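What follows is a short report on a single structure.
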Amino acid sequence: MTEQHTITASEYIQHHLTNLQFNVKTMTFGEGGGFWTLNVDTFLISIALGLTVILLFRSVAKSMTSGVPGKLQNFIEVIFEFVDQQVKDTFHGRSILIAPLALTIFTWVFLMNLMDLIPVDVLPSTAGAVGIHHLRVVPTTDLTATFGMSITVFLLILFYSFKVKGLKGVFLEFFTKPFGIWFFPVNFIMRVVEELARPISLALRLFGNMFAGELIFVLIALLPWYMQWPLALPWALFHILIITLQAFIFMVLTIVYLSLACEDH
């Protein structure tokens, strides 16, 4: 990036940590929109990666053979069986949604995390050449994305709680457990804190790990060229473990929370 030689290190870091924002209220690009601000890069890249997952799985499903599978089909089958086994081991209810949801979460979050392995200047420099001054390419380093996913999981938890236990069952859980009806204020407060902690922890865990990884890559990019590869390569190899682990954790916790929502004991 040519500007790297003329701007300060703090400006370089700030540039790479700034989203391409659009103010929905004023219909203009730029910061300062508050609630009405849309992080366009997060939105578009997330959708593109989601469509990539859908098209890839659809292509493999249409060309699937019962004979000797190709390498891609074999790879997809391994992922499918791995996720399916996690659901069987963790989810104790009955739902045709949980396994597809788990597969979607794991593959989609993994691809979003995987964007962190692209050299930090490649896509922003390409975007800058066509007049786009800010571009963050890792959607999971954006709190709006991680909270969007975790809030969706939270709404599914509420849906299954009411579907399986009914209004009376949910009421009893909130007001009578674990200390009995006479301590209903304590029971209610504890349950509300527990329920709210789930989406918050889901979002912040994924965001924190991926943001830290992105920041380390940006800091490495500030070093002289002869120091970048000796540091970037080992960190990238280690980061592959992190991005896979974070996708796995998000998937497993989602299954666990939905399983708890379907249990009445």
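What follows is calculated from the coordinates using simple rules that are stated; it is not laboratory data. Treat the numbers as computed from the prediction; the structure is a model and nothing was measured. Please note: Cβ atoms are built from the backbone with ideal geometry, for glycine as well, and neighbour counts cover all protein chains shown.
At a glance:
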{"quantity": "Calculated from backbone phi, Karplus (6.51, -1.76, 1.60) coupling profile of the stretch 242-247 in Hz, x at Gly/Pro", "calculated": "5, 5, 5, 5, 5, 5"}
{"quantity": "Most mobile listed residue (78, 87, 109) in the chain, GNM with C-alpha springs under 10 Å", "calculated": "78"}
{"quantity": "Spin-label proximity, residue 194 to the stretch 147-175 - amide N less than 11 Å from point 7 Å beyond Cα toward beta carbon", "calculated": "173-175"}
{"quantity": "Residue exposure sequence - 225, 108 - by fewest surrounding Cβ within 10 Å", "calculated": "225, 108"}
{"quantity": "Among 12, 226, 160, residue whose mean-square fluctuation peaks in a GNM of the chain (springs only between Cα atoms under 10 Å)", "calculated": "226"}
{"quantity": "Residues listed by number, the stretch 139-174, amide nitrogen under 17 Å from residue 184 label point at 7 Å toward C-beta", "calculated": "167-174"}
{"quantity": "Shape of the stretch 1-89, Cα gyration tensor, a/c cut at 1.5", "calculated": "prolate"}
{"quantity": "Spin-label zone in the stretch 196-238 - amide nitrogen under 19 Å from a point set 7 Å from the Cα of residue 126 along the C-beta vector", "calculated": "218"}
{"quantity": "Listed residues 117, 234, 175: farthest to the positive end of the dipole of the stretch 2-261 (Cβ charges)", "calculated": "175"}
{"quantity": "Theoretical gain in end-to-end length, residue 97 to residue 48 [0.36 nm per residue, Cα-Cα removed]", "calculated": "15.4 nm"}
{"quantity": "Separation between Cα centres of the stretch 200-265 and the stretch 20-56, rounded to whole Å", "calculated": "21"}
{"quantity": "Given charges at Cβ of Lys, Arg, Asp, Glu: the chain dipole, positive-most of 164, 127, 224", "calculated": "164"}
{"quantity": "Three-way shape label, the stretch 150-210, alpha-carbon gyration tensor, a/c 1.5", "calculated": "oblate"}
{"quantity": "For the stretch 133-198 versus the stretch 60-125, the gap between their alpha-carbon centres in whole angstrom", "calculated": "26"}
